[in-house]
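The values are calculated or read from the model by the stated rules, or taken from the named source; none is laboratory data. What you see is a predicted model, and the numbers here were worked out from it, not measured in a lab. Cβ atoms come from the backbone with ideal geometry, glycine included; neighbour counts cover every protein chain shown. Protein only, heavy atoms only, side chains kept; ligands, DNA and RNA dropped before computing areas. Shrake-Rupley method; radii C 1.70, N 1.55, O 1.52, S 1.80 Å.
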Amino acid sequence: MSMPIRHPLAIVASLVGTAATLHAQEPAEILPPDVPADAIPLPEAPAPGPVQSAATPSTNVTVNLISRLVQKGILSAEEAQVLIAQAEQDAANAQAAAAAAAPQPLDPITGAPQGQETRVAYIPETVKNQMRDQIRQELMAQAREEDWGTRQIPEWTEKFRLFGDFRGRYEEISFGDRNLAIDPILGAPFTNYNAINSGSPYNAGNSARNFPPLYNVDQDRDRARIRLRAGAEIMLGDGFDAGIRLATGENNSPVSPNQTLGAGSGNFSKYAIWLDRAFLSWDMGPRNGDGEELTFLIGRFDNPFFSSEIQWDDDLGFDGLAARGRVNLIDGKLSTFFSGGIFPVYNTDFNFSSNQPQKFDSNDRWLYGAQVGIDWKINDDWKLKTAISYYDFKNVTGKLSTPFVPLSSSDEGDTDNTRIIGGQRGNTRMPLRDIPPTAANNFGNDNQWQYYGLASEFRNLTLTSRLDYDGYENVKFSLLGEITKNLGFDESDVADRAFSSGRPGRTLLNSPDDFEGGDLAWNISLQAGKPAMDKKGDWVASLGYRYVESDAVLDGFTDSDFGGGGTNLKGFTLGGAYALSPNVRIGARWMSADEIDGPPLSTDTLQFDINARF
């Protein structure tokens, strides 16, 4: 329940007035009941004394109250001294006026002559009101003159802008009847390579008789999930800004901050918070408000490229150094924008190999990205934004190790660090360890401890466009499209090394000719409504179709929701949202995905969301 916020000066005046009332009602002694209070002469005002500290409180309520205001920084000590003196003088004047107006007979009980000093147990209500009003008026006048209100907010807080959002989600995932968890020829084709690469290697020997970690492809699931993100932007001046954001997440996945309720140990255990953004930016471009910019970023920041989720998931953050800019070509009509950066994807463990005295070479992975595009305002109703991008991944492809025989899961190969950790599914994998058959491994039937890396290189050329029509007052139409081709994909080379879900290459049962994979991805979607959704009643709806072949993009960085996340998928997406208020909206989305190559795999995902931003 929210409470109305009162101006601090009004609170001060109210408290002082209340204190005056309480102070006026404090009796020093009990008078006989038959003696009227106005028959007793009033005391003279005492000389103002020093403001009491909290350690040595006064017996006077008003003095204690003003002392507390000094401690909280609302009043200075000098101002408090003046207020006490004024309040006591006002009280003395009021008492003297009341005494002068009263008759002066002798006290019938005590026989005290007129004017004898006594204590008063009661002050008339009119006098108390007069004191309260006078104190309030003087306080308010002084507050306006000295600008007390702005003193309550420290200057450094004006440099911060806090923000955040919360999303609650119910999600239902349904699998097709033709999905096969176990294939009669291929065995268990939907291997979870990320689970293997994130832990101990998998023993692929025949005598092990155990399955690797596998994806669920036939048992429907539903779950409740939340996402919380909160952060701050800090304005440092002279074009410099910093930012930080924290987010939930079941693990350190780069593409999903979702936290499934009850996951892990369950039993209402607490959830982890991750560092999601942390960066410093410098805007050194023009600041004349015409839209031009030149900004540099370092740290972990939002995606600096104009793109869709088939290339980069919406939640993905980029590590490294980036620059982006915009230049007007025709004022108000045409501008060009550009982005580029160097991003470390993986840095080799400093002690690799950790359990051997001989250390292995590093295999640091990098992404180099560049984009250039135009924003064209065709007329008052039509607008086009389009860009071409090039993304070059260095050292992401797996490498076959020097031949060796691992005798346990803890033995390390010299190319183990070329495995991908954090991937999803769809990319073609290859075994990294060259394990020759010897008597030590029962001639290839035992101790086949294996990790898996990517079989393809990745160098993407991408075209992204959006066409907007804003000719209607309440509805905006947008047509979005993206197409990308992996120029680093070599089908024959990948097939020679491939060992992937349902698309085997070098195996005893299949020849490289049986390999099927691809290097192309595209999507198109139509959107209608008010995408900003900044007022109650705004809505948006969309319909899209995508086609993402196995090795078109890195599966670890693409959309994490469609088909369970990853590549080698095609299908439709239908969704919409409605604003309940400027900061709260509800939405629903249905995604129907099918595997492109390999055994049958169809997945339907239904999501219901409520989002709040603050």
Note: residue 329 to residue 394 extended length (0.36 nm per residue) minus current alpha-carbon separation gives 19.9 nm
Expressed in square angstrom to the nearest 10, the accessible area of residue 68 with a 1.4 Å probe stands at 130 Å²
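Rounded to the nearest 0.05, what FRET efficiency do residue 535 and residue 141 have when you use their Cβ-Cβ distance and R0 = 35 Å? Please report the intermediate quantities before stating the final value.
Numbers: r = 41 Å, r/R0 = 1.18.
Taking R0 as 35 Å, the efficiency between residue 535 and residue 141 is 0.25.
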To the nearest 0.05, the calculated FRET efficiency linking residue 378 and residue 182 through their beta-carbon distance, R0 being 51 Å, is 0.40
The set of residues whose placed amide H lies less than 5 Å from the amide H of residue 449, leaving out same-chain residues fewer than 5 positions away, is 204
For residue 345, the accessible surface traced by a 1.4 Å probe with all protein chains present amounts, in square angstrom to the nearest 10, to 60 Å²
Computed from the beta carbon distance with a Förster radius of 41 Å, FRET efficiency for residue 165 and residue 198 to the nearest 0.05 stands at 0.90
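With charges set only on the Cβ (+1 for Lys and Arg, -1 for Asp and Glu), what does the dipole of the stretch 248-307 come to about its Cα centre, in debye to the nearest 20? Walk me through the numbers before you get to the answer.
Values: 4 positive and 7 negative charges, 76 e Å.
About 360 debye.
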About its Cα centre, the stretch 203-344 carries a charge dipole, from +1 on Lys and Arg Cβ atoms and -1 on Asp and Glu Cβ atoms, whose size in debye to the nearest 20 is 520 debye
Check: C-alpha center the stretch 385-434 vs C-alpha center the stretch 326-341, spacing in Å is 38 Å
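How much length would be gained if the chain were fully extended between residue 269 and residue 359, taking 0.36 nm per residue of separation minus their Cα-Cα distance, in nm to one decimal? Show your work: numbers first, answer last.
Details: separation 90, 0.36 × 90 = 32.40 nm, distance 4.03 nm.
Full-extension gain reported as 28.4 nm.
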Taking only C-alpha positions in the stretch 202-261, Rg and Dmax in angstrom work out to 20.9, 67
Ignoring ligands and nucleic acids, residue 603 exposes an accessible area, probe 1.4 Å, in Å² to the nearest 10, of 10 Å²
The distance between the Cα centres of the stretch 243-269 and the stretch 448-481, in whole Å, is 25 Å
Cα-Cα longer than 30 Å, checked against 385/535; 385/536; 359/485, kept in input order, equals 359/485
To the nearest 20 debye, the stretch 290-417 has a Cα-centred charge dipole, built from +1 on Lys and Arg Cβ and -1 on Asp and Glu Cβ, of 340 debye
The distance between the Cα centres of the stretch 198-241 and the stretch 352-368, in whole Å, is 23 Å
